[in-house]
Amino acid sequence: MHVRLRPRELEHLRELLDSEPAAAREYASSLRDAGQRGLDVDKAWAALDRLLTRREAPVVVFGGGEALSTHEWGYDAPRLLDPDSVAEAARFLAATPFVSLAGDDALEVLDASGVYPGIWDEDWALDYLSYHYARLATLFRAAATAREPILTWTA
């Protein structure tokens, strides 16, 4: 999960994380679901993370950044990518089309590595990843343009 945060939203989120951790997750989810400010890449996150790592992306967009809490929101605590990291990631995503990211062997690598969710022998799997990668690149580009941080968590 990813959501772009405006300064006031980040301030409110930090207050909630201190006082009401469960409410903080609800708040972040509501921001994610509002308009074009957030993104859920469904079950593609682990595969995209593996492919980005394989291509030595300069920023870890799934599970990277500063931990904002010790409370887990799924697989990890919520994390914040600062505006500079967001901009660096956006540049990498823009300069790396999905075809380059995936290469000729992406599905074989994901399958052999046992990457969740184990759908890599399906005909539609590459299109599924490409679709979510494009959405991720769009979100990061918009956040970078606005100099906004991105909150990320894996659920």
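The values are calculated or read from the model by the stated rules, or taken from the named source; none is laboratory data. What you are looking at is a predicted structure, and each value in this text was computed from that prediction instead of being measured. FYI the Cβ positions are ideal-geometry reconstructions off the backbone, even for glycines, and counts take in every protein chain you see.
Within the stretch 97-155, the residues that satisfy the criterion of being among the charged types (D, E, K, R) and more than 29 Å from Leu17 (Cα to Cα) are Asp104, Asp105, Glu108, Asp111, Asp121, Glu122, Asp123, Asp127. Tally time: how many residues in the stretch 81-97 are buried (at least 21 other Cβ atoms within 10 Å of the Cβ) and not small (Gly, Ala, Ser)? Residues flagged as buried (at least 21 other Cβ atoms within 10 Å of the Cβ) and not small (Gly, Ala, Ser) within the stretch 81-97 amount to 3. Of all positions in the stretch 32-44, none carries a residue that is surrounded by 18 or more Cβ atoms within 10 Å (Cβ to Cβ) and among the polar types (S, T, N, Q).
Looking at this structure, is Glu72 charged (D, E, K, R) and in contact with a strand residue (DSSP E or B) (Cβ under 8 Å, 6 or more places away or on another chain)? No, not satisfied.
Within the stretch 45-64, if we keep just the residues that are in contact (Cβ under 8 Å) with a residue 40 or more places away in the chain and part of a loop (DSSP other than H, G, I, E, B), the residue that is surrounded by the most Cβ atoms within 10 Å (Cβ to Cβ) turns out to be Val61. Within the stretch 93-122, residues that are of a type in the set (D, E, K, R) sit with their Cβ atoms under 6 Å from residues that are surrounded by 13 or more Cβ atoms within 10 Å (Cβ to Cβ), at 6+ positions apart or across chains, in these pairs: Asp111/Trp120.
When the stretch 63-93 is filtered for residues that are among the hydrophobic types (A, V, I, L, M, F, W, C) and at pLDDT below 95, the ones remaining, listed by number, are Trp73, Ala77.
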